[in-house]
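Notes follow the structure.
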Amino acid sequence: MSETLRSSFRYAFQRSLPILIGFFPLGIAFGILMRKIGYHFLWAALTSLTVYAGSLQFLMISFFEEGTALFTVIIMALLLNSRHIFYGISFIEKFRAYGKWKYFLIYGMSDESYTLLCSYKEQEDLDEKWVHIFSTALLIFYWSGFSALGAFVGTWIPFDTTGIDFALTALFTVIFIEQLKDSKTSLPGIIAIASSILCIFLFGPGNFLLPSLSLTVIILVLLRLPLEPIITPKEES
C-alpha cells in the first residue's frame, strides 16, 4: 500500500470516529431487538449489510413481528429513504469519475456517508477517491459489526433500550453545528431549519421530511446566484 493510500485511510478513519461512537449504541440496540424477536446474530449482520438504513431497519422489526405485506414494506421503504435521492443528485458527476467504485459508493450512500462526502477538504497527501471509499467501507463495517454484536450478546446483557435511538439524532446535531461553524454563511442552515419547522406544522412529524427537503432545495436553487459569490472561493490570479 502506498503512503498516499495509508494517509487516506488514516484520514478516513479519524473522520469516522464520531460516527463509530454514534453507531455503537444504535447498532447494539438493533441487534438486541432482532435477537428478541428470534433472529440469529448473522441475520442481524446480513440485514445491516443489505438494507443498510438504520431508521428503516428499526421499522422492519415491527414488520417482521406483524407479518406486514411486502407491498407495504416497499412503499414505506421508499417514503422513509426518499431523501437519498437528493443526496445522490449532488454527487453524480464526482462518482462518474471513480469508475467501478461508483457502484460501491452509491450502495454505501447513507446520511452519515453523505455528511463525510460533503465535509471533505482537499489535502496534498490524500487521494479523495480513496478517502471516500475507505470512509464508506468503515461505516458499513461499523454498522453491520455492531448489529451482529448486539444480537450475539443481547441475550446475556439485557438492558432497557428506551431512548437509545436518540444517539443518532444527537450525532447529526453535532455534525450540523460543526458544518455551520465551517461554512462561510449560515443561510442554507437557517433555510433548512425554517423549512423543517414549517413542514412539521403543515404535514406533521411523520410526513415532514420529504416536503422539507424539497422546499429547501427549491429555495437554495432560487438563491443560487446571490449565494454563489459567498460560498465559492475566488481563484487566485
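Before moving on, here are some points about what is shown:
- Cβ-Cβ under 6 Å pairs, at least 6 apart or on other chains, segment 4-22 side in contact (Cβ under 8 Å) with a residue 60 or more places away in the chain, far side surrounded by fewer than 20 Cβ atoms within 10 Å (Cβ to Cβ) and outside any helix (DSSP H, G or I): Thr4/Asp127; Ser7/Asp125; Ser7/Leu126; Ser8/Leu126; Ser8/Asp127; Tyr11/Leu126
- Among residues of segment 201-217, those that are loosely packed, with under 12 Cβ neighbours inside 10 Å and modelled with pLDDT of 85 or more, counted: 2
- The residues of segment 73-108 that are under 17 Å from Val217 (Cα atoms) and either touching a Gly at 6+ places or on another chain (Cβ under 6 Å) or not hydrophobic (A, V, I, L, M, F, W, C) (or both), listed by number, are Asn81, Ser82, Arg83, His84, Tyr87, Gly88, Ser90.
- Residue selected from segment 59-69 under the condition surrounded by 15 or more Cβ atoms within 10 Å (Cβ to Cβ) and in contact (Cβ under 8 Å) with a residue 24 or more places away in the chain, by the criterion farthest from the chain's Cα centre (by Cα): Phe64
- Condition met for Ile74 (closer than 17 Å to Leu210 by Cα, modelled with pLDDT of 80 or more and over 16 Å from the mean Cα position of the chain (by Cα)): yes
- Taking the criterion of being among the aromatic types (Phe, Trp, Tyr) and not in a helix (DSSP H, G or I), the only residue of segment 113-130 that qualifies is Tyr120.
- Candidates are the residues of segment 159-176 that are over 16 Å from the mean Cα position of the chain (by Cα) and either surrounded by 11 or more Cβ atoms within 10 Å (Cβ to Cβ) or small (Gly, Ala, Ser) (or both); the one that is modelled with the highest pLDDT is Gly163.
- Of all residues in segment 20-58 being over 21 Å from Tyr107 (Cα atoms) and out of contact with any helix residue (DSSP H, G or I) (no Cβ under 6 Å at 6 or more places or on another chain), the one that is surrounded by the most Cβ atoms within 10 Å (Cβ to Cβ): Ala29
The values are calculated or read from the model by the stated rules, or taken from the named source; none is laboratory data. In this text, all values refer to a predicted model and were calculated from it rather than measured experimentally. All Cβ positions, glycine included, derive from the backbone under ideal geometry; neighbour counts span all protein chains shown.
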